[in-house]
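First up is the structure itself, then whatever we jot down about it.
The values are calculated or read from the model by the stated rules, or taken from the named source; none is laboratory data. These numbers were taken from a predicted model, which means no experiment stands behind them. Counting neighbours? That spans all protein chains shown, and the Cβs are built from the backbone with ideal geometry, glycine included.
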Amino acid sequence: MSSTAGSPAHGARQGAAVRYGITPPISLQEPAETDLVLSRKMMEELEAEFPKETAEGMARREAVLKELERAVTEWSTEVGVATGMSEEEAKSSSVKVVTLGSYRLGVVHADSAIDALCIGPPHVSHEAFSTTLAGKLQQRESVSQCVPLPDANTPLIKLTMRGVNVDLCFARLVKPLAFGQSPEDMVKDDKVLRDMDDKSVRSVNGYRVAEQILELVPDREAFRQTLRFVKFWAIRRGIYRSVFGLFGGVTWAVLVARVCQLYPHYSPSQLVNRFFRVYDQWNWSKPVMLCEIVELQAVPGMSGFKVWNPKSNPGDRQHIMPVITPAFPAMNSTENVTETTKRILLDEFRRGYEVVKNVEANKASWKAVHDPFPFFSQFRHFLWLEVLGKTDEAYQKYSGWIESKLRILTKQLE
């Protein structure tokens, strides 16, 4: 297994001091040939069941992102002119569309949506994003669906452009970019959050978290292959939804990244084994973290940010399975987890480890690890909720609201 060029793992093989994350690695052992064979078999079976996006599909997605950025730039210029700026001034105010989530992490499959962020200049408001930009996108022939969700916790526009689903959120910069400064570089700096509104902070941190994860793993390719497997397993086992009190995409990425830190030279099949074993045995009174938590309360303009800290925040002490995001301000990505969903997750970790051991003993195939959860044979009684809406916008808003309340029902039943 080779390291990504320029990653810390390359130096580790040359005998340099090794430390990834907040603790030393558990093992620096290299994979044996049998591990590499298992990894190839694992990825072959995964590709048959959960294929990654093709080169043609990725090209189509890149074309969609470029078209989307052109549309956003036109809109931003129009907004600037409407606020009294000259057209030249408005055009020079940089606006950028960057990717988030699985796309940013390099884990893209054929049916996945693109999570994207529009980084806008100070003269563009959230209201304009949800109204005038959504209106312009709805008028484009290439857009078959466009629904703004301004009241979501992280406001966004859900659209389909040239057959590709895109979830587009928005962050408004507090200060214009300096000459020659790129929006991507600017938002990597913690200081970009100074005096930024809460909606923009939540949006921009999606980008910052993904970038931090990639910087904190020793081997990006091993991380991506392992995450692809874990993601498919979680979807098939019915445990991939944070809104229901389970784990979402960011949480699964942090969990996989932490295992990569603990076993920096392991092959993907070994990392999957350790993934299940580590989290089956984890002491969940302790958080899963990729790096030390940064406190910036003494910095002007940063004191209002709540950083996860169970010592000073009583509410944080109530979190059941804390998994902390690496970018400032550090947050718990699993605050919706309940005692019931914790039990479900632990059962799945334990089952996954047992099945992987059978795979390694040549008693089962990798497909058995992510066999779909047998919901209807497992449960004789269940609650069915059906949500209807007269328009796409009404349906999206109402169904999202209903989903966000289901975990409250779970807690009441507990």
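Across the stretch 246-274, what is the total count of residues that are assigned to a helix (DSSP H, G or I) and closer than 17 Å to Ala330 by Cα? Outline the logic, then answer.
First, the residues of the stretch 246-274 that are assigned to a helix (DSSP H, G or I): 249-262, 268-274.
Pick out the ones that are also closer than 17 Å to Ala330 by Cα and you get 249-255, 257-258.
Residues flagged as assigned to a helix (DSSP H, G or I) and closer than 17 Å to Ala330 by Cα within the stretch 246-274 amount to 9.
Name the one entry in Lys311, Lys363 that is under 16 Å from Lys41 (Cα atoms), in a loop (DSSP other than H, G, I, E, B), of a type in the set (D, E, K, R) and not assigned by TED's automatic domain parsing to the domain that holds Arg194. Give the steps one after another, and end with the answer.
Values: Lys311 fails: under 16 Å from Lys41 (Cα atoms).
Going through Lys311, Lys363 in turn, just one is under 16 Å from Lys41 (Cα atoms), in a loop (DSSP other than H, G, I, E, B), of a type in the set (D, E, K, R) and not assigned by TED's automatic domain parsing to the domain that holds Arg194: Lys363.
What number goes with the only condition from (1) closer than 27 Å to His109 by Cα; (2) buried (at least 20 other Cβ atoms within 10 Å of the Cβ) that Arg277 does not pass?
(2)
Would you mind stating whether Leu290 is at pLDDT below 90 and either assigned by TED's automatic domain parsing to the domain that holds Asp190 or of a type in the set (A, V, I, L, M) (or both)?
On the way: at pLDDT below 90: no; either assigned by TED's automatic domain parsing to the domain that holds Asp190 or of a type in the set (A, V, I, L, M) (or both): yes.
No.
Within the stretch 374-391, can one find any residue that is crowded, with 19+ Cβ neighbours inside 10 Å, outside any loop (DSSP other than H, G, I, E, B) and not small (Gly, Ala, Ser)?
Residues of the stretch 374-391 that are crowded, with 19+ Cβ neighbours inside 10 Å, as a first pass: none.
No, because not a single residue in the stretch 374-391 is crowded, with 19+ Cβ neighbours inside 10 Å, outside any loop (DSSP other than H, G, I, E, B) and not small (Gly, Ala, Ser).
Count, please, the residues in the stretch 336-351 that happen to be closer than 30 Å to Asn153 by Cβ and part of a helix (DSSP H, G or I). Even if it seems obvious, please write down each step before you answer.
Start the filter on the stretch 336-351 by keeping residues that are closer than 30 Å to Asn153 by Cβ, which leaves 336-349.
Now narrow it down to the ones that are part of a helix (DSSP H, G or I): 339-349.
The number of residues fulfilling the criteria is 11.
Would you confirm whether or not the stretch 11-22 contains a residue that is assigned by TED's automatic domain parsing to the domain that holds Val254, in a helix (DSSP H, G or I) and buried (at least 18 other Cβ atoms within 10 Å of the Cβ)?
Checking the stretch 11-22: at least one residue is assigned by TED's automatic domain parsing to the domain that holds Val254, in a helix (DSSP H, G or I) and buried (at least 18 other Cβ atoms within 10 Å of the Cβ).
Only one of these conditions is not met by Cys118: (1) of a type outside the set (D, E, K, R); (2) under 17 Å from the mean Cα position of the chain (by Cα); (3) over 14 Å from Val97 (Cβ atoms). Which number is it?
It is condition (3) that Cys118 fails.
Of everything in the stretch 111-134 that's of a type in the set (A, V, I, L, M, F, W, C) and closer than 19 Å to Gly248 by Cα, which residue is surrounded by the fewest Cβ atoms within 10 Å (Cβ to Cβ)? Talk me through it step by step, then tell me what you get.
Step one: filter the stretch 111-134 for residues of a type in the set (A, V, I, L, M, F, W, C), giving 113-114, 116-119, 124, 128-129, 133-134.
Next, only the ones that are closer than 19 Å to Gly248 by Cα stay: 113-114, 116-117.
Details: Ala113: 16, Ile114: 24, Ala116: 27, Leu117: 28.
This residue is Ala113.
Filter the stretch 213-241 for residues that are closer than 19 Å to Asp347 by Cα and surrounded by 19 or more Cβ atoms within 10 Å (Cβ to Cβ) and give the result. Quick ask: steps written out before the conclusion?
Start the filter on the stretch 213-241 by keeping residues that are closer than 19 Å to Asp347 by Cα, which leaves 229-241.
Scanning the stretch 213-241 gives Phe229, Val230, Lys231, Trp233, Ala234, Arg237, Ile239, Tyr240.
Taking the stretch 58-94, which residues are touching an Asp or Glu at 6+ places or on another chain (Cβ under 8 Å) and either of a type in the set (A, V, I, L, M) or over 22 Å from Ser142 (Cα atoms) (or both)? Break it down into steps so the answer makes sense when it comes.
Step one: filter the stretch 58-94 for residues touching an Asp or Glu at 6+ places or on another chain (Cβ under 8 Å), giving 61, 77, 80-81, 90.
Gly80, Val81, Ala90 - these are the residues of the stretch 58-94 that are touching an Asp or Glu at 6+ places or on another chain (Cβ under 8 Å) and either of a type in the set (A, V, I, L, M) or over 22 Å from Ser142 (Cα atoms) (or both).
I'd like the full set of residues that are in contact (Cβ under 8 Å) with a residue 60 or more places away in the chain and within 22 Å of Met186 (Cα to Cα), limited to the stretch 100-119.
Filtering the stretch 100-119 down to residues in contact (Cβ under 8 Å) with a residue 60 or more places away in the chain leaves 100-102, 104-107, 109, 115, 117, 119.
Listed by number, the residues that qualify are Leu100, Gly101, Ser102, Arg104, Leu105, Gly106, Asp115, Leu117, Ile119.
Looking at the stretch 326-335, is at least one residue outside the structural domain of Phe244 (by TED's automatic domain parsing), part of a loop (DSSP other than H, G, I, E, B) and among the polar types (S, T, N, Q)? Write out each step before concluding.
Applying the first criterion (outside the structural domain of Phe244 (by TED's automatic domain parsing)) to the stretch 326-335 yields none.
Among the residues of the stretch 326-335, not one is outside the structural domain of Phe244 (by TED's automatic domain parsing), part of a loop (DSSP other than H, G, I, E, B) and among the polar types (S, T, N, Q), which makes the answer no.
Of all residues in the stretch 333-344, which are touching a residue at least 24 places away in the same chain (Cβ under 8 Å) and surrounded by fewer than 21 Cβ atoms within 10 Å (Cβ to Cβ)?
Taking the stretch 333-344 first, the residues touching a residue at least 24 places away in the same chain (Cβ under 8 Å) are 333-334, 336-342, 344.
Matches in the stretch 333-344: Thr338, Glu339, Thr340, Lys342, Ile344.
Filter the stretch 32-66 down to the residues that are within 21 Å of the chain's Cα centre (by Cα), surrounded by 14 or more Cβ atoms within 10 Å (Cβ to Cβ) and in a helix (DSSP H, G or I) and list them by number.
Leu46, Gly57, Arg61, Val64, Leu65
Residue by residue, here is whether (1) of a type in the set (A, V, I, L, M, F, W, C); (2) closer than 14 Å to Ser333 by Cα holds:
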position	(1), (2)
Val217	yes, no
Leu227	yes, no
Phe232	yes, no
Gly238	no, no
Phe244	yes, yes
Phe276	yes, no
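Residue under question is Gly238, and the condition is that it be in a loop (DSSP other than H, G, I, E, B) and touching a residue at least 40 places away in the same chain (Cβ under 8 Å); does it hold? So that I can check it myself, show each step before the final result.
Details: in a loop (DSSP other than H, G, I, E, B): yes; touching a residue at least 40 places away in the same chain (Cβ under 8 Å): yes.
Criteria met by Gly238.
Being modelled with pLDDT of 95 or more, β-branched (Val, Ile, Thr) and touching a strand residue (DSSP E or B) at 6+ places or on another chain (Cβ under 7 Å) narrows it down to one residue among Ile324, Ile344; which is it? Write out each step before concluding.
Values: Ile344 fails: touching a strand residue (DSSP E or B) at 6+ places or on another chain (Cβ under 7 Å).
Sole residue among the options that is modelled with pLDDT of 95 or more, β-branched (Val, Ile, Thr) and touching a strand residue (DSSP E or B) at 6+ places or on another chain (Cβ under 7 Å): Ile324.
Tell me whether the stretch 78-99 contains one or more residues that are buried (at least 16 other Cβ atoms within 10 Å of the Cβ), under 25 Å from the mean Cα position of the chain (by Cα) and either outside any strand (DSSP E or B) or among the small types (Gly, Ala, Ser) (or both).
Yes, the stretch 78-99 has at least one match.
Does Glu295 satisfy the condition of being in a loop (DSSP other than H, G, I, E, B), of a type outside the set (Ser, Thr, Tyr) and either within 26 Å of Asp190 (Cβ to Cβ) or touching a strand residue (DSSP E or B) at 6+ places or on another chain (Cβ under 9 Å) (or both)? I'd like the intermediate steps shown before the answer.
Working: in a loop (DSSP other than H, G, I, E, B): yes; of a type outside the set (Ser, Thr, Tyr): yes; either within 26 Å of Asp190 (Cβ to Cβ) or touching a strand residue (DSSP E or B) at 6+ places or on another chain (Cβ under 9 Å) (or both): yes.
Taking the combined requirement at face value, the residue satisfies it.
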